[in-house]
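Written out below as structure tokens is the structure these notes cover.
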Amino acid sequence: MNTRKVVVITGEKQKGIRDKIADLAKKLGIKGEIYYLAKSHKIKVILEGKEEKINEVVGEIVNWMKECPKGTKIEMMEVETELFKGNFSRFSIIIPPERDGPGS
């Protein structure tokens, strides 16, 4: 069954986590996007696809939080399940230049 989850990771200096999440999501066939909310020191991840694959990504994020590299500080992770929308054709890293995430 297809689902959509939104994950928000709070912390500072989240070294390489965006690339790790994007690589795993692409490998598992998950669509969506990830971007950094600079003002609030958060990373927002939107995942769409098969629920078991999305849960695998969420589990890996939890593992990365436990094994943070030196100098990385990840404080909290929030996960919300939403209705599947099918908005994405691939998984992308979004780097907004002057705002705090897409649509803000």
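For the stretch 14-42, how many residues meet the condition of being under 12 Å from S92 (Cα atoms), of a type in the set (D, E, K, R) and in contact with a strand residue (DSSP E or B) (Cβ under 6 Å, 6 or more places away or on another chain)?
The total comes to 4.
If you go through the stretch 27-60, how many residues are touching a Lys or Arg at 6+ places or on another chain (Cβ under 8 Å), more than 15 Å from E78 (Cβ to Cβ) and modelled with pLDDT under 95?
Here the count works out to 3.
Return the residues of the stretch 9-68 that are part of a helix (DSSP H, G or I) and of a type in the set (S, T, Y); say none if nothing qualifies.
Residue satisfying the conditions is S40 alone.
For the stretch 10-20, enumerate the residues that are touching an Asp or Glu at 6+ places or on another chain (Cβ under 8 Å) and at pLDDT 85 or above.
Residues satisfying the conditions are T10, K20.
Given the conditions (1) charged (D, E, K, R); (2) touching a strand residue (DSSP E or B) at 6+ places or on another chain (Cβ under 6 Å); (3) surrounded by 12 or more Cβ atoms within 10 Å (Cβ to Cβ); (4) modelled with pLDDT of 95 or more, which single one is not true for E80?
In the conditions (1) charged (D, E, K, R); (2) touching a strand residue (DSSP E or B) at 6+ places or on another chain (Cβ under 6 Å); (3) surrounded by 12 or more Cβ atoms within 10 Å (Cβ to Cβ); (4) modelled with pLDDT of 95 or more, E80 misses (3) alone.
The values are calculated or read from the model by the stated rules, or taken from the named source; none is laboratory data. A quick note: this is a predicted structure, and the numbers were derived from the prediction, not measured. As a convention, Cβ positions derive from the backbone with ideal geometry for all residues, glycine included, and neighbour counts pool all protein chains shown.
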